[in-house]
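Everything on this sheet refers to the single structure shown next.
The values are calculated or read from the model by the stated rules, or taken from the named source; none is laboratory data. A quick note: this is a predicted structure, and the numbers were derived from the prediction, not measured. Cβ placement follows ideal geometry from the backbone for every residue including glycine, while neighbour counts extend to all protein chains displayed. What goes into the accessible areas is simple: the full protein's heavy atoms, side chains included, and nothing from ligands, DNA or RNA. Shrake-Rupley method; radii C 1.70, N 1.55, O 1.52, S 1.80 Å.
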Amino acid sequence: GFTISGDVVTAPTLKIKATDQGFESIEGFDPGILVKYDSQVGDTYSTSWGNTRTVTHKSTTDDYPWGGMNIKVLKVEEPKNSGGVSKIIYYANHNWGMVGVEFVLQTGVTLKFPVTLTAAK
């Protein structure tokens, strides 16, 4: 689905379904639930490729810096062992949607990207 070369992450085909309940990967990332807003820490989502995504944090205070403000987030972690990536972490907020994606490389380097969603036209 994606490749990493130096500091460039490429996802040639990426389809994500966004709803008022969360996000689901359709194509590009391992297909399956990325985040459900009503999840609790410890909840897991199985993917089509046999991996497991785990909710590891649910804010009770506005502790995540995003867009010049602090917001509450769900943090979902997915272990990987391919393409130089050891883990992908998804950050989502019930009002703002997917707000960040973090790639932890096998070298220990972390690439964290803020996400801003816009409506398709």
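Using a Gaussian network for the chain with springs between C-alpha atoms less than 10 Å apart, which of these wobbles most: V35, V104, V76?
Maximum fluctuation in the GNM of the chain, among the listed residues, is at V104.
For region 52-70, list residues with backbone N below 13 Å from a point placed 7 Å from the Cα of N81 toward its Cβ?
Correct set: 52.
Across region 29-92, how many lysine pairs separated by 8 or more positions, or lying on different chains, have Cα atoms within less than 12 Å? It would help to have the intermediate numbers written out before the result.
On the way: K36/K58; K36/K75; K58/K72; K58/K75.
Count of close lysine pairs: 4.
Quick check for you: with a 1.4 Å probe and neighbouring chains kept, what is the accessible area per residue of region 28-121, in Å²? Before the final figure, lay out each step's value.
Numbers: 5110 Å² over 94 residues.
Value returned for region 28-121: 54 Å² of accessible area per residue.
Given charges of +1 on the Cβ of Lys and Arg and -1 on the Cβ of Asp and Glu, with all other atoms neutral, how large is the dipole of the chain about its Cα centre, in debye to the nearest 20? Could you put the intermediate results ahead of the total?
On the way: 11 positive and 12 negative charges, 20 e Å.
With only Lys, Arg, Asp and Glu charged at Cβ, the dipole is about 100 debye.
Using modelled amide H (1.01 Å from N, peptide plane; none on Pro or chain starts), what sits under 5 Å from the amide H of V115, excluding residues fewer than 5 places away?
G100, V101
In region 13-58, which trypsin sites (Lys or Arg not before Pro) fall in coil by DSSP and have 14 or fewer other Cβ atoms within 10 Å?
Details: sites: K15, K17, K36, R53, K58; in loops: none.
Sparse-neighbourhood loop trypsin sites (Lys or Arg not before Pro): none present.
Using only the Cα atoms of region 1-111, build the gyration tensor, take square roots of its eigenvalues as a ≥ b ≥ c, and label the shape rounded, prolate or oblate: rounded if a/c is under 1.5, else prolate if a/b is larger than b/c, else oblate. Don't skip to the answer; put the middle values down first.
Details: a/c = 1.58, a/b = 1.31, b/c = 1.21.
Cα axes put region 1-111 in the prolate bin.
Hey, any idea what % of region 69-121's accessible area is carbon plus sulfur with a 1.4 Å probe? Spell out each step's value before the answer.
Values: 1620 of 2890 Å².
Answer for region 69-121: carbon and sulfur cover 56 percent of the accessible area.
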